[in-house]
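Below: the structure, in structure tokens.
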Amino acid sequence: MKKLTFFALCALAVASCTNGSKQAQLAAEMQRDSLNQIIAQKENEITDMMTTLSDIEEGFREITEAQSRVTLAKQGEGTNSAQRIRENMQFIQSTMKQNQELINKLKQQVREGSVKSDQLKKIVENLTQQMEEKDRQIQELREELDRKDIHIAELDEQVADLTTNVSNLTEETQQKSETISQQDKQLNTAWFVFGTKKELKEHNVLTDGGFLKKNKTLAGDFDKDYFTKIDIRVDKEIKLYSKSAKILTNHPKSAYTLQPDANKQYVLRITDPQMFWSTSKYLVIQVN
């Protein structure tokens, strides 16, 4: 009887050790998965920041090139020179605005992201200073052009016919530039919405069956005011504030990632905007 009791205690001890080992292994696996998730989140944030930084640097490069073109053009005279100056100044203004939006986005990423770094903050400060310096240069260029415009006006007073022709051409060029600017804005505009199944149905984004049309495009009577308008060149990250998310519209899977952040709330990151929005300029995401 004593031997049986001994063997039973040994068996219980072995079983206890085995269970304890399994629990420890399970806990280690959970910790590893959690750590991998945090690492993946940080990698995604860093990749997105680097993309934004690259876009900002490219914007500054294009602005500098346009400044050089204006400098060359203002050394000449005549209608063609003035037209080139106006076109390049409009391009500079548009690119400056886009760069400011990208810098603001980078500031938000650094402020709200899980990646904390004094070096990143320093980069943002340098970019802000660079933007201020570029704005000062553009202002000086505008003032110089204003002085040149006065000279051109005085010259045109002596030739009435030339004045009329230049005025007509200026108006025509401005209209064309505004049309091009509007077309460019439309080409880079998209709309997105995320909501629960019930919310999406209430705005006619989903049908009664709970699905979009078979080809995953929106029906014609959906509530367009329910969507948020974005600039696809700037807005490449959408926080969904939900632990469950599913993209319902048709977008190339290779052009985005949909992963939970450190708070286990999903974030959509668009890695290739042109490809992502090529199939549809409307994005619908269902969350719980």
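Readers should treat all values here as calculations from the given coordinates under stated rules, not as data from a laboratory. In this text, all values refer to a predicted model and were calculated from it rather than measured experimentally. Cβ placement follows ideal geometry from the backbone for every residue including glycine, while neighbour counts extend to all protein chains displayed.
With respect to the cross-link table entries Lys42/Lys116; Lys198/Lys281; Lys229/Lys281; Lys246/Lys281; Lys42/Lys281, which display a Cα-Cα separation exceeding 21 Å?
Lys198/Lys281; Lys42/Lys281
Quick one: if the Förster radius is 51 Å, what FRET efficiency do Arg142 and Glu29 give, using the C-beta to C-beta distance and rounding to 0.05?
FRET efficiency, Arg142 to Glu29: 0.25.
Could you give each residue of the stretch 271-288 its phi-based ³J(HN,Hα) in whole Hz, using Karplus coefficients 6.51, -1.76, 1.60 with θ = phi - 60°, and x for Gly or Pro?
8, 9, x, 4, 5, 4, 8, 5, 8, 6, 8, 10, 10, 10, 10, 9, 10, 10
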